[in-house]
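The values are calculated or read from the model by the stated rules, or taken from the named source; none is laboratory data. Everything numeric here is computed off the predicted structure, so don't read it as measured data. Here the Cβ is made from the backbone with ideal geometry for all residues, glycine too, and neighbour counts use every protein chain on show. With ligands, DNA and RNA removed, areas are computed over all heavy atoms of the protein, side chains included. Shrake-Rupley method; radii C 1.70, N 1.55, O 1.52, S 1.80 Å.
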Amino acid sequence: MIVVDNVEKAFESRVVLDGVSVRFDRGKVSALVGPSGGGKSTLLRCINGLERFDAGRIEADGLVLGPSKTDRPSRADRATLRAIRLKAGMVFQHYGLFSHMSALENVMEAPIHVRGVAPAVARERAKLLLAQVGLPHRRNAFPRELSGGEQQRVAIARALAMDPEALLLDEPTSALDPERKAEVVGVLRDLAKQGATMIIVTHEAAVVREIADHAICLRDGKVVAAGSPSEVL
């Protein structure tokens, strides 16, 4: 579904992605692993268009994203970025929930304002998604009233509310204690069983072994290993 072809990215003189080529198949869970600073999160952000890259190309379900030529993307580039973001939902390491909105409102927000879904329809869909991630009883709670694991599960429900074709998760369990980590891993395991396409950046070997179909190791901006989770680990 997603093909990364010889992508390069540098921040000033520091090369973060050095000719990365990798493909992510539909209906599979891929784990990006490797040491900190290896380029994992940057690659994920390039796929979603949150970071522009310097060379190469990224294709997401037929949509092609090329290197940035200016600081301001063209109208055509903005349209492609929007289309890719609708296809690839992003879940951030530190949740990124709107603090002034309840869990239910956080999940409803994007379908209403981006897809134009009627509020009543978005509300019912949000209730179903919060039930799917095990939080039907917390839908009226605000982020400050939720544990880290609960906030991350709301963030996953929020991404799913846009009906993405792929889910991009940037270290979804790294800030959680073991109990909360198990809650989030349980949600991801259920999504994997349903055939979701996911790309997960993680340092957790247990997450890779338990959920991933495929693993890619990045070090110093290069792919140094790719294959089954057991082979790569």
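Taking R0 as 45 Å, what's the FRET efficiency between Arg57 and Glu124 from their Cβ-Cβ distance, rounded to 0.05? About 0.70, to the nearest 0.05.
Could you list the square roots of 5 times each eigenvalue of the Cα gyration tensor of region 160-224, that is, the equivalent ellipsoid semi-axes, sorted largest first and rounded to whole Å? Numbers along the way, then the final one.
Working: eigenvalues 75, 54, 25 Å².
Computed over region 160-224, the values are 19, 16, 11 Å.
When the chain is treated as a Gaussian network with alpha carbon springs shorter than 10 Å, the biggest mean-square fluctuation among Ala215, Ala60, Ala175 belongs to Ala175.
Kirkwood hydrodynamic radius (Cα pairs, Å) of region 153-192?
Numbers: mean 1/r = 0.0931 Å⁻¹.
By the Kirkwood definition, the hydrodynamic radius is 10.7 Å.
Projecting label points 7 angstrom from Cα along Cα→Cβ for Phe11 and Arg82 puts them 2.9 nm apart.
Relative to the longest principal axis of the Cα atoms of the chain, the long axis of helix 103-113 lies at roughly 60 degrees. The mean sequence distance of close C-alpha pairs (under 8 Å, at least 6 residues apart), as a share of the length of region 2-50, puts its relative contact order at 30 percent. The fraction of accessible area contributed by carbon and sulfur in the chain is 49 percent, rounded to a whole number (1.4 Å probe; ligands and nucleic acids excluded). Helix 119-132 axis versus longest C-alpha principal axis of the chain: approximately 80°, rounded to the nearest ten. Here the calculated FRET efficiency for His113 and Leu233, from their Cβ-Cβ distance with R0 = 41 Å, stands at 0.50, rounded to the nearest 0.05.
Each of Glu145 and Arg219 was given a label point 7 Å from its Cα along the Cα-to-Cβ line. The distance between the two points is 4.8 nm.
How big is region 49-118 by the Kirkwood estimate over distinct Cα pairs, in Å? Mind showing how you got there, number by number?
On the way: mean 1/r = 0.0704 Å⁻¹.
Result for region 49-118 stands at 14.2 Å.
Quick one: length gained pulling Asp163 to His94 fully straight, 0.36 nm per residue minus the C-alpha distance?
Fully extending the segment from Asp163 to His94 adds 22.7 nm.
From the cross-link list Lys28/Lys87; Lys127/Lys193; Lys40/Lys222; Lys69/Lys222; Lys193/Lys222, which pairs have alpha carbons spaced over 19 Å apart? Display every interim value, and only then the final one.
On the way: Lys28/Lys87 15 Å; Lys127/Lys193 21 Å; Lys40/Lys222 10 Å; Lys69/Lys222 23 Å; Lys193/Lys222 30 Å.
From Lys28/Lys87; Lys127/Lys193; Lys40/Lys222; Lys69/Lys222; Lys193/Lys222, over 19 Å: Lys127/Lys193; Lys69/Lys222; Lys193/Lys222.
Taking every DSSP bridge with both residues inside the chain, close to 55 percent are antiparallel. All alpha carbon pair distances within region 1-111 were sorted into 10 Å bins beginning at 0; the resulting P(r) in whole percents reads 12, 41, 33, 13, 1. Averaging the sequence gap over all C-alpha pairs within less than 8 Å and six or more residues apart, then dividing by the number of residues, gives the chain a relative contact order of 28 percent.
The largest-to-smallest principal axis extents of the Cα set in region 48-201 are 47, 36, 29 Å. Asp25 to Ala131: FRET efficiency via 1/(1 + (r/R0)^6), r the Cβ-Cβ distance, R0 25 Å, to the nearest 0.05? Step by step, r from the Cβ atoms, then E = 0.30. Give me the distance between the Cα centres of region 38-71 and region 196-233, rounded to whole Å. What the calculation gives is 20 Å, centre to centre.
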